[in-house]
Protein chains: 2
Amino acid sequence: MVNKNKSKTTEEKILAAARKVFTTKGMTGARMQDIADEAGMNKALLHYYFKDKDKLFENVFLAEAQKFFPKINAIFNSEETLFDKIRNFVSEYIDEILSNPDLPWFVLNEMNRDPEQFLFKVWGKENLPKPAKLLAQVEQEVKAGIIKPISPVHLLMNMISLTIFPFVGKPMFLYNLRISEKQFREIMEQRKKEIPEFIINAIKK
Amino acid sequence: MVNKNKSKTTEEKILAAARKVFTTKGMTGARMQDIADEAGMNKALLHYYFKDKDKLFENVFLAEAQKFFPKINAIFNSEETLFDKIRNFVSEYIDEILSNPDLPWFVLNEMNRDPEQFLFKVWGKENLPKPAKLLAQVEQEVKAGIIKPISPVHLLMNMISLTIFPFVGKPMFLYNLRISEKQFREIMEQRKKEIPEFIINAIKK
DNA sequence: GTCTATAATTTGATAGAC
DNA sequence: GTCTATCAAATTATAGAC
């Protein structure tokens, strides 16, 4: 049992606290004091370890933003069939988000607030998703008459939208459909099967 | 030509400037100075007209949040067929957002930042969308064997996700798919037809 | 490394002249 | 109503003791 709970280093405590505060309040809404409180220490230590708020934020944001684009490339560029790719993408992505419920809002929020930072720092040309192969595969299957005619770009947008949006609009759905947190989670679990079925029904011949 | 450009009152100028700054930077990111600059006046005037930042924000937010839920009820509760409702909902919603591109991010952002405010102030029980009739209609058409079995909740989530998400994830799509602002807009125009087709293909028998 | 105390800066808000 | 100047509060950041 290595490095459990209390055995976290100070730096790790800070990062965990910063992650929690930043992902719920955003960069501009978060206070250094909030983070210090959450970490059970004083503000001075935050600066001792991470110099200033910007540096601390960048540290958290980069780590989180990468989780937001998980094994996408592995799936997109695998040798599986299109339908299997869709199933795997949706299912794995929803699992990832279920274990990090604030992730989509946090990343999208900062992405819209400061697109430059996002494009250059997060996607330094390395970990940027490469949808080219998937797009080509769609186009090919359309030509071969395996699936109905659909623009690959629209299909990709649909996959991503169906998967991510419910988490971003969660407060809206909770209130509007009168469902509990627990029910919401169950519905998201269902969507791991529902979404691929929906998409495949839409495009199969 | 009533009340064109320069003939705007000071209050209108402030609201227009506040709208622009708040919708792009969010409540916590926006600075009163930014708004004053944008409006071409000084901070003192903002306080003279709207007392404080919270009041000014609330003023803007309430107006914008209502645009975000347009004639939804009119569509949801009309006597049209399910397929026509889907077509109208998607098409009208995309048109609304195209004329207010920052709207989805702004509203969703604040909704996640401060759900309480959102639920009580925006949805004061009046303008809250009432999806009950639409949900019932879906259920009925499933039972009648007109469409494939699908949970009404999932179908509603799908409609909304497909329509709104691309605007929230816009920076991601722009960079990742290497498309321009102009191309993005064209793609959104296409989606007014693409999405209803996609959904109907997915559920029709 | 960690703390307390304090400085420095940013930002919202007001006073008072015009 | 609108401005300049200024204050007050909030918030980030540092100095210095331990």
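Details
- The numbered conditions (1) away from chain A (no Cβ under 14 Å); (2) more than 13 Å from DNA strand C (Cβ to nearest atom) are all true for residue B:37 except (2).
- A single entry from A:115, A:149, A:131 fulfils the requirement of being surrounded by fewer than 18 Cβ atoms within 10 Å (Cβ to Cβ) and facing chain B (nearest Cβ under 8 Å): A:115.
- Just one residue in the set B:139, B:181, B:189 is free of Cβ contacts under 8 Å to residues at least 24 places away in the same chain and farther than 24 Å from residue B:25 by Cα; that residue is B:139.
- For residue B:106, the test of being within 16 Å of DNA strand C (Cβ to nearest atom), within 25 Å of residue A:25 (Cβ to Cβ), outside any loop (DSSP other than H, G, I, E, B) and aromatic (Phe, Trp, Tyr) is failed.
- Residues of region A:43-55 that are over 13 Å from residue A:10 (Cβ atoms) and either surrounded by 20 or more Cβ atoms within 10 Å (Cβ to Cβ) or more than 8 Å from DNA strand C (Cβ to nearest atom) (or both): A:51, A:52, A:53, A:54, A:55.
- Options B:84, B:52: the member that is more than 14 Å from chain A (Cβ to nearest Cβ) and away from DNA strand D (no atom under 16 Å from the Cβ): B:84
- Single residue of region A:9-23 satisfying the filter (touching a Phe, Trp or Tyr at 6+ places or on another chain (Cβ under 8 Å) and under 19 Å from residue A:102 (Cα atoms)) that is farthest from DNA strand D (Cβ to nearest atom): A:23
- Looking across region A:18-34, the residues that are away from every other protein chain (no Cβ under 14 Å) and more than 12 Å from DNA strand C (Cβ to nearest atom) come down to A:18, A:19, A:20.
- Residues in region B:25-49 that are under 24 Å from residue A:110 (Cα atoms) and either more than 11 Å from DNA strand D (Cβ to nearest atom) or touching a Ser or Thr at 6+ places or on another chain (Cβ under 8 Å) (or both): B:25, B:26, B:27, B:28, B:29, B:30, B:31, B:34, B:35, B:37, B:38.
- Flag if residue A:116 is at pLDDT 90 or above and part of a helix (DSSP H, G or I): no
- Near pairs, Cβ below 6 angstrom, 6+ apart or cross-chain, from region B:47-59 (outside any helix (DSSP H, G or I)) to any residue that is at pLDDT below 95: none
- Condition check for residue A:102: on the phi < 0 side of the Ramachandran plot and surrounded by fewer than 16 Cβ atoms within 10 Å (Cβ to Cβ): no
- Any hit, region B:61-68, residues being closer than 24 Å to residue B:198 by Cβ, touching a residue at least 12 places away in the same chain (Cβ under 8 Å) and either within 13 Å of DNA strand C (Cβ to nearest atom) or buried (at least 16 other Cβ atoms within 10 Å of the Cβ) (or both): yes
The values are calculated or read from the model by the stated rules, or taken from the named source; none is laboratory data. Since we're looking at a predicted model, the values are computed, not measured. Glycine also receives a Cβ, built like all others from the backbone with ideal geometry; neighbour counts cover every protein chain displayed.
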